[in-house]
Amino acid sequence: MYKKIFIEPLFKNNPVSVLVLGICSALAVTVKLEPALVMALSVTIVMGFSNAIISSLRNTIPNRIRIIVQLVVVAMLVILVDQVLKAFAYEVSKQLSVFVGLIITNCIIMGRIEAFALANKPLPSLIDGIANGLGYGIILVAVAFFRELFGSGSLMGYQLIPASWYLKNGGFYENNGLFILPPMALILVGVFIWVQRSIQKELIEK
Amino acid sequence: MQELVNIFVKSIFIDNMVFAYFLGMCSYLAVSKNVKTAVGLGLAVIFVLGVTLPANYLLFKYVLSDGALAWLNPEYANIDLSFLSFIIFIAVIASMVQLVEMVVEKFSPGLYSSLGIFLPLIAVNCAILGGSLFMQERAYETLAQATVFGLGSGLGWFLAIVALAAIREKLSYSNVPAPLRGLGITFIVVGLMGIAFMSFMGIKL
């Protein structure tokens, strides 16, 4: 049962490409691979713990004020992550700018708390949170991989395309500037959804 | 005055919340199926951004930022509460949305029923929290600048969602490849709209 909870959000029930949650931050931090990895890790941690905490409180939270309670728990975890990033990875935290704070309003987190943590025990909720964070991370890393490779010719900051290939050095190659621009992230996610729905025919909309 | 106009135009077109920063995407994609509901949600976002940004600006300037508590007592001059800003901002937004909902329900039942479920949804719209965080990061100097930035960002979001809703209404008559239908083609359309908006990017104000 735990295995199923863990495997499904990775591809079959992916939070980004199937449930359309958390698009906001998924697209803005994917110009380079490194911030995308950090962002994926932060979201996974926040989601795992917020799911587990809310799930262990689920019988004591009054239904009417649950949104505020959820926001406070998530905001607390995000503040912790933000402070840790500022202390140990200052450069990346500058690149992510406001998007660390925006994890609070990331719809995946609220969505999983509402849909899963409020009805399940803490351990499955923790696994569900981590698995959904990883599913989100897969899309993030895939988009960032293509954008950095084609847009800057590098991965994780290491130059992959040899410098002598470039036109300015007398070669034949030029980076595709379109991949650096924000709209390309949307088009890439659109293409991922296209590929996934060609494989999983039951997801096709009428 | 000229400064204010610059911020206003810049926040609508050049730094558009949707096309430049992808904020508020979840509701942007979910509620853009027809123009009428898109207009309702867009108006609500303009309103909430215009109300929460000045409130958060005052809080940040006089309570949270480094040394801000000095007006209370000179001894507090070296207190820096800015690490609390996330939690304060989201609390202000959530309570402001609740307040707006109650006021609208009391004084304008017509508007209330047309906005309906969108008002509570706005509390978790990232464009609203994003507006406050950008206000903090870009360090706007006066209350007027923060307010104008809020209204401009709201208007930019409004224009974006109405435009997408209009395109999607037309799109439902076209023959899209089956796996791309619905969500996939919407993403690609938003991407193309974003490229169109990029033409504003070179403009210096």
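The values are calculated or read from the model by the stated rules, or taken from the named source; none is laboratory data. Remember, predicted model here, so these are calculated numbers, not experimental data. FYI the Cβ positions are ideal-geometry reconstructions off the backbone, even for glycines, and counts take in every protein chain you see. Remember, those area values only see protein heavy atoms, side chains included, never the ligands or the DNA or RNA. Shrake-Rupley method; radii C 1.70, N 1.55, O 1.52, S 1.80 Å.
Which condition from (1) modelled with pLDDT of 85 or more; (2) within 14 Å of A:Leu37 (Cα to Cα); (3) crowded, with 22+ Cβ neighbours inside 10 Å is the one that A:Val100 breaks?
(1)
Could you check, for the range A:118-131, whether at least one of its residues is within 13 Å of chain B (Cβ to nearest Cβ), open to solvent by 10 Å² or more (accessible area, probe 1.4 Å) and in contact with a Ser or Thr (Cβ under 7 Å, 6 or more places away or on another chain)? Quick ask: steps written out before the conclusion?
Kept after step one, since they are within 13 Å of chain B (Cβ to nearest Cβ), are these residues of the range A:118-131: none.
No, that holds for no residue.
Each row is one residue, and each column tells you yes or no for (1) out of contact with any Gly (no Cβ under 7 Å at 6 or more places or on another chain); (2) within 24 Å of A:Ile7 (Cα to Cα); (3) part of a helix (DSSP H, G or I).
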position	(1), (2), (3)
A:Met110	yes, yes, yes
A:Ile113	yes, yes, yes
A:Ser125	yes, yes, yes
A:Ala131	yes, yes, yes
A:Tyr136	no, yes, yes
A:Ile139	yes, yes, yes
A:Ala142	yes, yes, yes
A:Arg147	yes, no, yes
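Just give me the residues in the range B:128-186 being among the β-branched types (Val, Ile, Thr), at pLDDT below 90 and more than 30 Å from A:Ile193 (Cα to Cα), in sequence order. Step through it out loud before you land on a result.
Here is the first cut: in the range B:128-186, the residues among the β-branched types (Val, Ile, Thr) are B:128, B:142, B:147-148, B:161-162, B:167, B:176, B:185-186.
Pick out the ones that are also at pLDDT below 90 and you get B:128, B:142, B:176, B:185-186.
Listed by number, the list holds a single entry, B:Thr142.
Are there any pairs with C-beta distances below 6 angstrom linking a residue in the range B:179-192 that is of a type in the set (Gly, Ala, Ser) to a residue that is assigned to a helix (DSSP H, G or I), with the two at least 6 apart or on different chains, and if so which?
Once the first residue is of a type in the set (Gly, Ala, Ser) and sits in the range B:179-192, its partners that are assigned to a helix (DSSP H, G or I) give B:Gly184/A:Gly190; B:Gly184/A:Ile193; B:Gly184/A:Trp194; B:Gly191/A:Pro183; B:Gly191/A:Leu186; B:Gly191/A:Ile187.
Looking at B:Leu43, B:Leu53, which is the one that is in contact (Cβ under 8 Å) with a residue 60 or more places away in the chain and open to solvent by 60 Å² or more (accessible area, probe 1.4 Å)?
Step by step, each of B:Leu43, B:Leu53 is checked, and only B:Leu43 is in contact (Cβ under 8 Å) with a residue 60 or more places away in the chain and open to solvent by 60 Å² or more (accessible area, probe 1.4 Å).
Give all pairs with beta carbons closer than 8 Å in which a residue from the range A:86-104 that is within 11 Å of chain B (Cβ to nearest Cβ) and free of Cβ contacts under 8 Å to residues at least 60 places away in the same chain meets a residue that is in a helix (DSSP H, G or I) and loosely packed, with under 14 Cβ neighbours inside 10 Å; count only pairs at least 6 apart in sequence or on separate chains.
Between residues of the range A:86-104 that are within 11 Å of chain B (Cβ to nearest Cβ) and free of Cβ contacts under 8 Å to residues at least 60 places away in the same chain and residues that are in a helix (DSSP H, G or I) and loosely packed, with under 14 Cβ neighbours inside 10 Å, the close pairs are A:Ser97/B:Glu137; A:Val98/B:Glu137.
Can you tell me how many residues in the range B:174-201 are more than 17 Å from B:Ser32 (Cβ to Cβ), among the small types (Gly, Ala, Ser) and at the interface with chain A (Cβ under 8 Å from one of its Cβ atoms)?
Residues meeting the conditions: 1.
Could you run through the range A:70-81 and say how many residues are buried (at least 21 other Cβ atoms within 10 Å of the Cβ) and facing chain B (nearest Cβ under 9 Å)?
Looking only at that region, the number is 4.
With the requirement that a residue be in contact (Cβ under 8 Å) with a residue 12 or more places away in the chain, facing another protein chain (nearest Cβ under 8 Å) and either at positive phi or in a loop (DSSP other than H, G, I, E, B) (or both), what does the range A:170-202 give you?
A:Pro182
Just one of the numbered conditions (1) more than 10 Å from every other protein chain (Cβ to nearest Cβ); (2) assigned to a helix (DSSP H, G or I) is not true of B:Glu137; which one?
The single condition B:Glu137 does not satisfy is (1).
Among residues belonging to the range A:1-26 that are over 17 Å from A:Ile103 (Cβ atoms) and of a type in the set (Val, Ile, Thr), point out the one that is most open to solvent (accessible area, probe 1.4 Å).
A:Ile7
If you go through the range A:150-169, how many residues are of a type in the set (S, T, N, Q), in a helix (DSSP H, G or I) and exposed (fewer than 15 other Cβ atoms within 10 Å of the Cβ)? Walk me through how you get there before you give the answer.
Taking the range A:150-169 first, the residues of a type in the set (S, T, N, Q) are A:152, A:154, A:159, A:164, A:169.
Subsequent filtering for residues that are in a helix (DSSP H, G or I) retains A:152, A:164, A:169.
With exposed (fewer than 15 other Cβ atoms within 10 Å of the Cβ) added as a condition, the list becomes A:164, A:169.
Residues flagged as of a type in the set (S, T, N, Q), in a helix (DSSP H, G or I) and exposed (fewer than 15 other Cβ atoms within 10 Å of the Cβ) within the range A:150-169 amount to 2.
This table checks each residue for (1) of a type in the set (Val, Ile, Thr); (2) under 29 Å from B:Ile93 (Cα atoms).
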residue	(1), (2)
B:Gly152	no, yes
B:Ala166	no, no
B:Lys170	no, no
B:Ser174	no, no
B:Leu180	no, no
B:Val190	yes, yes
B:Phe200	no, no
